[in-house]
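The values are calculated or read from the model by the stated rules, or taken from the named source; none is laboratory data. This structure is a prediction, so every number in the text was calculated from the model and none was measured. FYI the Cβ positions are ideal-geometry reconstructions off the backbone, even for glycines, and counts take in every protein chain you see.
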2 protein chains.
Amino acid sequence: MSGGPRRRQLLAAACAWVGAPQGVYAQAPAFAAADLEAAAQLRDQALRDGEAWRLVESLTTEVGARPAGSAADARARDWALAQFARLNLAEARAEPLPLRVWRRGPSGARLVAPAEQPLVVAALGNSVGTPAGGVRAEVAWYADYAALRADPVEGSRARGRIVYVDQAMERTRDGRGYGAAVGMRLGGASEAARRGAVAYAMRSLGTSRNRIAHTGAMQYDLAQPRIPAIALSVPDADLLARLHARGTAPVMHVEVAAAENVDATTHNLIAEVPGTDLAREIVLIGAHLDSWDVGQGALDDGAGVAIVTAAAASIRAAGLRPRRTVRVVLFGNEENGFDGARAYADRYRDAPHQLVGESDFGAGRVWRLRGRWAAAAQPLLAPMAAVLAPLGVALPETGAHEGNPGPDAGVLMRRHRWPGIELSQDGSAYFDVHHTENDTLDKVDPAALAQNAACWAAMAWLAAQSPVPFGPLPPA
Amino acid sequence: MSGGPRRRQLLAAACAWVGAPQGVYAQAPAFAAADLEAAAQLRDQALRDGEAWRLVESLTTEVGARPAGSAADARARDWALAQFARLNLAEARAEPLPLRVWRRGPSGARLVAPAEQPLVVAALGNSVGTPAGGVRAEVAWYADYAALRADPVEGSRARGRIVYVDQAMERTRDGRGYGAAVGMRLGGASEAARRGAVAYAMRSLGTSRNRIAHTGAMQYDLAQPRIPAIALSVPDADLLARLHARGTAPVMHVEVAAAENVDATTHNLIAEVPGTDLAREIVLIGAHLDSWDVGQGALDDGAGVAIVTAAAASIRAAGLRPRRTVRVVLFGNEENGFDGARAYADRYRDAPHQLVGESDFGAGRVWRLRGRWAAAAQPLLAPMAAVLAPLGVALPETGAHEGNPGPDAGVLMRRHRWPGIELSQDGSAYFDVHHTENDTLDKVDPAALAQNAACWAAMAWLAAQSPVPFGPLPPA
């Protein structure tokens, strides 16, 4: 179907994309009609072939949770190589990455005053353990993270206490509620330690009311003592808020066990649909293979793994030969260090990347397309969006040339100024399960998952067929 | 407002309830108009005074989970006495009950083949512990409890294995989905042991897809070996089903710790709105004060405690003096033995009970009224329902004289043939949280809770004012 550049130019001249005025064709690049037609066929095929569902069902059933460097992560590597082979993808490889990992041990907490009540908690990723026997102290309650940061260090009421930050996150389609609150997870423990606290606790960074606590990475400011850090489930956070409303300062007991700096290996998993005349140029469609150790890593990021792998497989299955190489990259250790993204950025620094994008926001439907491309390529965004329009995807009225290509792809974009694509998913329900035991296969909607795969297949194909490069981006 | 029997009869003659034809008045008993009016006022007052919410908020915040015989159960006793005093209820007392209780220890399970995967499980109440180091065996999978019971004992594939029963429960308004499936929890372990199994596991008896396992009482057939019994969360049950669909027989490791026959004390908590001319006759409105050790006992049965206590308090607060005594009974150890109900049945066997009813199905709205009353009193059911009609409560077209007054009240009704009332609640969402960590205050809808209290207040008042006794029921 793709007949080389000359044939495509002829086709483009004959039946140029509606909306690219003939008079400006020399200035405004356009996709060849045959490429647009192939994109629509890929879209429709991926929508109905069930491949993304097969992949996420298989990964969650046969591997499950797969924290970077664990035995399950190694099984995930083998699983990915087997799927790449089954789907006839080329150049399949696992690129090993030595790293040091944090491993969760048993943890727990309870109120000991005003009355004994068990709490459902999770240690935050990278938390140090407590001394044997745990830490017991009165709670110093802060309504939100800003209140903690505004608390003067000298004479802080945090001193000798367990700091608790009660900030709730907002449910939004685009995930900005998470962005607005994640700082309390990343930096809260050191802000508390700076004020003399003996431990740090926070309301779970999530939107569900289930009694399941949220985990996720935190980081220590090495200038401060490292104190243990936990999140309370939302109903337990509500309990603390009710006690606070009574004027009660509860006493909490916290126990955390964890191992740090465990030598381990993870991998980037890579496979390709080989390009033809522009094979050196890479269209990178990524996800991350690792997950947190809770749940099954179904939405985070089994869904993304399934979406981008199925997208590449659909191009292969259709017998299409793209101009550029479509490369699936399943990054290692996105969750706790971006080791995979950093290693990829080093290793492939000299490979021209037409585009980088990552699916890492669950399995909600794609509703928006945005891209950070060089100005000369920006006219191609609208026709790309037009192919996705039947799936409910729109270009935004403003900000079409902004966006975030995903956490690992974002590392690449920032490092090398490679162009990025954002297929914005509906994340309204994502933070109900993200980073919790509830991230299990039943939370994945097969129809929405297929819609995602259809979008990525069509988008990747068109990016590979573009008559012009999407980069370079202007300097930051 | 209640002016004695003579005044009531006069009022009844003057403004008899619409629908009780004058010509049959001598045969058909009717409520006095003033009593109906007072019932409507109680209804409206309880709907808006917020008392039930205050009670359940207080119980879950200040006590939390309160398994019978625990330190928290003793705190719940003190809490109830304090609330009875605050609400000016009379004859408040705690009637101690010695009992032996089961106490949960740590438990866990995981798949060890085809791959290591952690499972989220809960030990069933009364489960024996596993030997130190746990039990490890291949899973013998049964689609439902009937399949297990149909499996011939001789040569059963259960022998030496961990029996797993995958039966899912149906979501219904009236809870019949629970009734249809609870047998696998109560008797499954002994059915498995009869066939040589080394442990018993089942799909959680609940309607949610949260990765939170369900507990609840099970019972051993003492003719069989006692084997440990657990429930898997629904996502983990789904995982087993997917492995089964692949033809895989997983190997599971189970560890359960528990203490049996621990000497303890629980209590029935009792308080009254004293009657006048028929004070000896009791209108019993009950709930149970104990809960499982998971969650906060908010819906099961903090809501019921709040509803019936608030109902009695509203009669007291209105300054009404009922003819019969309205007695609040908060039963001890409903969850694992009905000790409170049995002790009450023994102690009060000679007290005439006009009516027994219990609120123990969460905080969903009441939608139906049913009662098991002597034939002579049955004409009073329709006018009682008419008072509740503005709250969305209806008499059923058939079966108005059937029903279940609740688990503890049912013990009393069966033992003594005391008349029973059922205020049927909408239980559609109840089994999303019942007997799980998710049974927390945030799952209680304050408006629906107030609707319940309004129904119980009006119903209890009218039962206390009835011109005729509701009993005795005919022999079983």
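For region A:86-109, the tally of residues that are of a type in the set (A, V, I, L, M) and within 13 Å of chain B (Cβ to nearest Cβ) stands at 0. Taking region B:203-236 as the range and being of a type in the set (Lys, Arg) and under 16 Å from residue B:139 (Cβ atoms) as the test, only B:203 passes.
Among residues belonging to region A:26-54 that are outside any helix (DSSP H, G or I) and closer than 30 Å to residue A:292 by Cβ, point out the one that is nearest to the other protein chains (Cβ to nearest Cβ). My answer is A:50. Residue B:71 satisfies every condition listed in (1) at positive phi; (2) out of contact with any Ser or Thr (no Cβ under 8 Å at 6 or more places or on another chain); (3) modelled with pLDDT of 95 or more except (1). Screening residue A:161 against (1) under 28 Å from residue A:67 (Cβ atoms); (2) crowded, with 18+ Cβ neighbours inside 10 Å; (3) without any contact (Cβ under 8 Å) to a residue 60 or more places away in the chain leaves a single unmet condition, (1). I'd like the residue in region A:346-375 that is more than 24 Å from residue A:303 (Cβ to Cβ) and among the hydrophobic types (A, V, I, L, M, F, W, C) and, out of all such residues, is surrounded by the fewest Cβ atoms within 10 Å (Cβ to Cβ). Filtering first and then ranking leaves A:375. Scanning region A:313-362 for residues that are of a type outside the set (S, T, N, Q), part of a loop (DSSP other than H, G, I, E, B), more than 25 Å from residue A:380 (Cβ to Cβ) and under 20 Å from the mean Cα position of the chain (by Cα) yields A:332, A:334, A:335, A:337, A:338, A:362.
A search for C-beta distances below 8 Å between a residue of region A:80-99 that is within 10 Å of residue A:330 (Cβ to Cβ) and any residue that is surrounded by 21 or more Cβ atoms within 10 Å (Cβ to Cβ) and among the basic types (Lys, Arg), counting only pairs 6+ apart in sequence or on different chains, returns A:94/A:77.
Which members of region B:55-85 meet the condition of being within 8 Å of chain A (Cβ to nearest Cβ), crowded, with 24+ Cβ neighbours inside 10 Å and in a helix (DSSP H, G or I)? Correct list: B:60 only.
Scan region B:446-476 residue by residue and report those that are among the aromatic types (Phe, Trp, Tyr) and either in a helix (DSSP H, G or I) or within 14 Å of chain A (Cβ to nearest Cβ) (or both).
B:456, B:461
Filtered by the rule that a residue be among the acidic types (Asp, Glu) and either in the same structural domain as residue A:179 (by TED's automatic domain parsing) or surrounded by fewer than 19 Cβ atoms within 10 Å (Cβ to Cβ) (or both), region A:391-415 gives A:397, A:402. All of (1) within 20 Å of the chain's Cα centre (by Cα); (2) under 30 Å from residue A:60 (Cα atoms) hold for residue A:416 with one exception: (2). Can you tell me which residue within region A:110-158, out of those that are among the aliphatic types (A, V, I, L, M) and within 14 Å of chain B (Cβ to nearest Cβ), is nearest to residue A:435 (Cα to Cα)? Applying the filter and picking the extreme gives A:122. Of all the listed residues (A:303, A:237, A:231, A:259), the sole one being buried (at least 20 other Cβ atoms within 10 Å of the Cβ), modelled with pLDDT of 95 or more, more than 14 Å from chain B (Cβ to nearest Cβ) and in contact with a Phe, Trp or Tyr (Cβ under 9 Å, 6 or more places away or on another chain) is A:303.
If you go through region A:401-445 and keep only what is of a type outside the set (Val, Ile, Thr) and within 14 Å of chain B (Cβ to nearest Cβ), you end up with A:429, A:432, A:434, A:435, A:437, A:438, A:439, A:441, A:442, A:443, A:445. The selection criterion, being at positive phi and surrounded by fewer than 17 Cβ atoms within 10 Å (Cβ to Cβ), holds for residue A:155.
Considering region B:171-189 alone, what residues qualify as being without any contact (Cβ under 8 Å) to a residue 12 or more places away in the chain and aliphatic (A, V, I, L, M)?
If the condition is that a residue be without any contact (Cβ under 8 Å) to a residue 12 or more places away in the chain and aliphatic (A, V, I, L, M), then B:180 is the only one that fits.
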